[in-house]
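Report on one structure; see the data block that follows.
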Amino acid sequence: MARKKSKFSLLMWLIISGISGGGITGYLKPNIPVIGPLIAKFTDKGQNLTAGSGNLLTESADGLLNNQSSGDYGGSVVAGRLASARQASNRQQQGTVQPTTVAGNQGNANLLIASFNIQVLGQSKISKPGMKELLAHVIRQFDLVAIQEVRAKGDNVIPDLVTTVNSNGSRYNFVIGPRLGRSNSKEQYTYVFNTNTVEHDPSSVGTVNDPKDLLHREPFVTRFRARTQSPAQAFTFWMVNIHTDPDEVPEEVDALADVFQVMQKARADEDDVILLGDLNASEKQLGRLGKLPGMQWTVSGVTTNTRKTKAYDNILFQGQATREYTGRWGVYDLERNLGLSREQALQVSDHLPVWAEFRVWEAPPPTSPVGRPSLYN
Amino acid sequence: MNSATVLQQLLQGSPSERAAAAEYLAQQGTEAAYAACELTAACGDTETVSDWAVAALEQLGAPPSSAIESLVSMTQSANPRTVYWAVTLLGRSGPDAAVHQQVLVTLLQHSEDLAVQEKAAWSLGRMRANSLEATQALQQAAQSTEKRLSRVATRSLQPTQT
């Protein structure tokens, strides 16, 4: 079994960081406490496909989508997404559902951000009839999805999945982290996002440095910005994607408290940090992370696994800083929303997506009437 | 699928049947604990079977006490992933597996795999291993320059010293 942080990996990192830090891509910034992984940037391979191909979802359901209507998602991505959000929120979330208003050119004033542990997301999973289409449909419900448990030796799984997401005319893209893990069973994190509604900052992507090796799979961080007509006023935020080791949850959630605070200080112009993922912990088991001043978690009092027995997944942020949160959140019930049986839903994942809604406009700091400067301009 | 059928497929099925059985078990959460030994052995199977076996092992919690003897024997496997998971499950067994602490002491001291050494140190702590050999091995590991191994060993010494 290879040692986790092999000399080869270290050498590769030094080479990569040396190149990117030298200004070729501007990839690393010296004040960011992250290690730069190789980022595979998907280049909209699926965008030339016609919207009509969105019907793949029903053409190849093969038992996974037997109750799915034959709706064309291509022309109604936003409406369909919000309808699903309402279904989920009506069942489980605490806030009320507000009508959306038009912002920018997206027809939606809010961002739906989700976390989804797609158990063993690899070639064998996406090769199942109808599975890619089903996962694509789920991803399209949200603007930005933090995915855990990509387990594949090859590099085609996420590009193939995103091609399918875009097969109805959608314009999703992704960033993916390096393979991580102490044993030779490695996982990757990825973010899949709708480029019509959100964009990532290529200079602010990386894996959190963990010199004390406190975390089995170090968080993958990326900075995003909502796409609006006024970029300087748009909501910007760090995403911190995490999948804890179920055998060391107390230690790891405590370490995540440090990660969260480091990310809050990573850039002087960014105080919004959204930590999300499979924590293997309920809101009552967040340790030091949950005790950080003002820490807020969206998922509470519900289960998040497909078998509906445990709460593992959550979305956390500092409430006073991230006042863009609308109060709407939910657990996307695969059975209910897609008409799947429990057995079929388990073939998708042993986890359900959890989501929260944020406004696309940056809220001014509570102590200052002036909005934060933006490095995008 | 009943448990006997699942185990038969996992042990004796075709590659696709073994993968399907491991995947099925990965969907069962803690209810897959009855298959702890078979899943640990399956870590040495093909990549697809192994990936699903690992996914199942991550979530199945503690194995039944009847599995402990078999898991001890699997710590001698030639497959490092099988060893890693056998050691992990012995640790999850807690004090019930403490009678086998010497096996983990040997792995902690002599395994060439750092991940296995770390898990052995972790498992000794979970077992509340208190033999002289275990304490000495953990004390030595606590002095390791490998930060995680040192930290885990230090933590594992705490219950043995109380």
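A short reminder: the numbers here are calculations on the coordinates, not readings from a lab. Nothing here was measured: the structure is a model prediction, and the numbers come from that model. In this analysis, Cβ positions are derived from the backbone assuming ideal geometry, glycine residues included, and neighbour counts consider all displayed protein chains.
Please say if segment B:89-134 is rounded, prolate or oblate, where rounded means a/c under 1.5 for a ≥ b ≥ c the square roots of the C-alpha gyration tensor eigenvalues, and otherwise the choice is prolate for a/b larger than b/c and oblate otherwise? Spell out each step's value before the answer.
On the way: a/c = 2.18, a/b = 1.39, b/c = 1.57.
Since a/c reaches 1.5 but b/c is at least a/b, the shape of segment B:89-134 is classed as oblate.
Specify whether the C-alpha gyration tensor of chain B places it in the rounded, prolate or oblate class, a ≥ b ≥ c being the square roots of the eigenvalues: rounded for a/c under 1.5, otherwise prolate if a/b is larger than b/c and oblate if not. Each step should come with its number before you reach the end.
Values: a/c = 2.55, a/b = 2.01, b/c = 1.27.
Prolate is the answer for chain B, as a/c is 1.5 or above and a/b outweighs b/c.
3J(HN,Hα) along segment B:49-55: 4, 4, 4, 6, 4, 4, 4 Hz, from the Karplus curve 6.51 cos²θ - 1.76 cosθ + 1.60 with θ = phi - 60°, whole Hz, x for Gly and Pro.
For B:His100, A:His216, what's the fewest-to-most ordering of other Cβ within 10 Å of each Cβ?
Values: B:His100 19, A:His216 22.
Placing the least packed residue first, the sequence is B:His100, A:His216.
The ranking of B:Thr154, B:Thr88 by Cβ neighbour count inside 10 Å, starting from the fewest, reads B:Thr154, B:Thr88. Taken over segment B:26-95, the alpha-carbon convex hull comes to 65 cubic angstrom per residue.
Specify whether the C-alpha gyration tensor of segment B:71-162 places it in the rounded, prolate or oblate class, a ≥ b ≥ c being the square roots of the eigenvalues: rounded for a/c under 1.5, otherwise prolate if a/b is larger than b/c and oblate if not. Judged from the Cα gyration tensor, segment B:71-162 comes out oblate (a/c at least 1.5, b/c at or above a/b).
Amide hydrogen proximity for A:Asn117: with H placed 1.01 Å from N in the peptide plane, the residues at 5 or more positions away or on another chain lying under 5 Å are A:Gln148.
If the viscosity is 1.567 mPa s and the temperature 4 °C, what Stokes-Einstein diffusion coefficient in µm²/s follows for segment B:1-61 when Rh is the Kirkwood radius over Cα pairs? It comes out at roughly 122 µm²/s.
Order A:240-247, A:148-155, A:256-263, B:36-43 from most to least packed using the mean count of other Cβ atoms within 10 Å. Spell out each step's value before the answer.
Details: A:240-247: 23.2, A:148-155: 18.9, A:256-263: 20.9, B:36-43: 25.6.
Those peptides, ordered most packed to least, come out B:36-43, A:240-247, A:256-263, A:148-155.
Neighbouring Cβ atoms from other chains, within 10 Å of the Cβ of residues in B:22-31, number 4 on average.
Cut-off is 10 Å between beta-carbons; in what order do A:Arg342, A:Arg217 appear when sorted fewest neighbours first?
If I rank by nearby Cβ atoms, fewest first, I get A:Arg342, A:Arg217.
Its Cα centre serving as origin, chain B has a Cβ charge dipole (Lys and Arg +1, Asp and Glu -1) of approximately 640 debye.
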